[in-house]
Amino acid sequence: MSVSDSLPVSPFTANGIRHDVRDIGASLIREVAHLGMGRENIVPLWFGEPDQPTPEFIRKAAIAALEAGDTFYQPNRGITPLRDALAVYGNRLYGTALDRENITVTVSGLNALMIAMQSILKAGDRMVTTAPIWPNIVAMPKVLGAQVTTVPLRSGNDGWQLDIDEFIAACAPDTRAILINSPNNPTGWVMPAEDQKKLVEFASERGIWLIADEVYARLIYDGSDVAPSFVPYVSDDTRIMVINSFSKSWAMTGWRLGWITAPKGVGSKLEKLMEFNVSCPAGFIQQAGIVALEQGEEFVAGSRARYSRARAAIIERLRDMNRIHLPEADGAFYAFFRVDGVEDTLSFAKDLLLSEGIGLAPGDAFGPEGAGHIRACYAVSEDRIHRAMDGLARFLTRQV
């Protein structure tokens, strides 16, 4: 045996970067978007964000806070008035008894997910989630050296479904965390309340942490005001963290403001991770968040009604097209559809963009389970929906 054979395998690349980081794939959605940004007459439905700006009353609150000098460092977990307002908001929606000690304010839902995972996952641990899924959710545990098992959502006559028993069976002995994104990006699938209860009971029995990504909670189209949630299960006796964000419901994607609802004893640990990751959310943005919570219900309801109309329009248009298969879903603001005969969805999305000026997200971005699919964000005007669908129809006709 040579000396080199006896040396341990290095976790680092030749230039000193960890293999875990090197091996993370670049965003395929960004690859399409970068191709289209700066071009004229593009209909961009690639990102998950509304096409309308943040409402004026929220913008004015931030401006007022800036003019009042709110430009200094803030508490790691967020200012007390915002944490109180978030507890009140959760209690109103879910009939819970949360208080500020259950709340940690973060710099976006993404930051919330990352510190939640940092707090419980170490190298060699396993996280189980569904697929197709937003790619960041799979990448973040891998950055920490953890492993990810995905259980497929399957589409049928009743839309997207998860076999909850299959999901539970996939939780091997080394499973440290479960992550459920519902309403789901990219499919729009919503986990039923009875499955949530079953999963909470299983996770509690096994001592597994449950992370719930509920950033689309208010975007539900079955007549409810909010999707089924894990928030009512959060207590000092459970291992549950629920992630949420101001981005989707209040059209605040660029503001980067989110929060975690967790057992009271967890907050002080998350506080440390906030310090070492981003320090704190900006004070003037938190002031805007308070106003969004206290004055924003009319905007949330109006946005949901607007997206519902766009949803109806895109469903009608897609189902009139040959080669398109669209399972209906009750949540989020995406149409995730299969295109017969398409194997390379990245090339499909790029070709569609260059030929018709229509920007959609390739299904391959959401893992192997997204193969053959395309995602369109319908949080836009009906005019944009029809322009995008006209271009897609022309493109598909030429491909025949």
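Within segment 244-285, the set of residues being within 22 Å of Ala61 (Cβ to Cβ) and among the basic types (Lys, Arg) comprises Lys248, Arg256. When the residues of segment 260-281 are narrowed to those that are outside any helix (DSSP H, G or I) and of a type in the set (Ser, Thr, Tyr), which ends up surrounded by the most Cβ atoms within 10 Å (Cβ to Cβ)? Filtering first and then ranking leaves Thr261. Entry remark, segment 344-400: residues being hydroxyl-bearing (Ser, Thr, Tyr), within 30 Å of Val151 (Cα to Cα) and not in a helix (DSSP H, G or I) number 1 in total. When Phe336 is tested against (1) under 18 Å from Ala313 (Cβ atoms); (2) among the aromatic types (Phe, Trp, Tyr); (3) outside any strand (DSSP E or B), only condition (3) is not met. Within the set Ser308, Ser303, the sole residue that is touching a residue at least 60 places away in the same chain (Cβ under 8 Å), in contact with a Phe, Trp or Tyr (Cβ under 6 Å, 6 or more places away or on another chain), in a helix (DSSP H, G or I) and not acidic (Asp, Glu) turns out to be Ser308. Being closer than 30 Å to Phe72 by Cβ and not polar (S, T, N, Q): is that true of Gly331 here? Here the answer is no, as Gly331 does not meet what is asked.
Residue-wise test of (1) surrounded by 19 or more Cβ atoms within 10 Å (Cβ to Cβ); (2) closer than 28 Å to Lys269 by Cβ.
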position: Asp165; (1), (2): no, no
position: Ile178; (1), (2): yes, yes
position: Pro186; (1), (2): yes, no
position: Glu194; (1), (2): no, no
position: Ile208; (1), (2): yes, yes
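The single residue among Pro173, Pro263 that is of a type outside the set (Asp, Glu), closer than 20 Å to Thr150 by Cα and at pLDDT 95 or above turns out to be Pro173. Of all the criteria given as (1) over 20 Å from the mean Cα position of the chain (by Cα); (2) farther than 24 Å from Val128 by Cα, the one not satisfied by Glu201 is (2). For segment 56-67, the condition of being surrounded by 22 or more Cβ atoms within 10 Å (Cβ to Cβ), of a type in the set (D, E, K, R) and either within 22 Å of Gly331 (Cβ to Cβ) or out of contact with any Cys (no Cβ under 7 Å at 6 or more places or on another chain) (or both) holds for none of the residues. For first residues located in segment 255-266 and outside the structural domain of Leu93 (by TED's automatic domain parsing), partners that are among the β-branched types (Val, Ile, Thr) and lie 6+ apart or on another chain with Cβ distances below 9 Å do not occur.
The values are calculated or read from the model by the stated rules, or taken from the named source; none is laboratory data. Not measured: the values here are computed from a predicted model. Cβ sites come from the backbone with ideal geometry, for glycine too, and all protein chains shown count toward neighbours.
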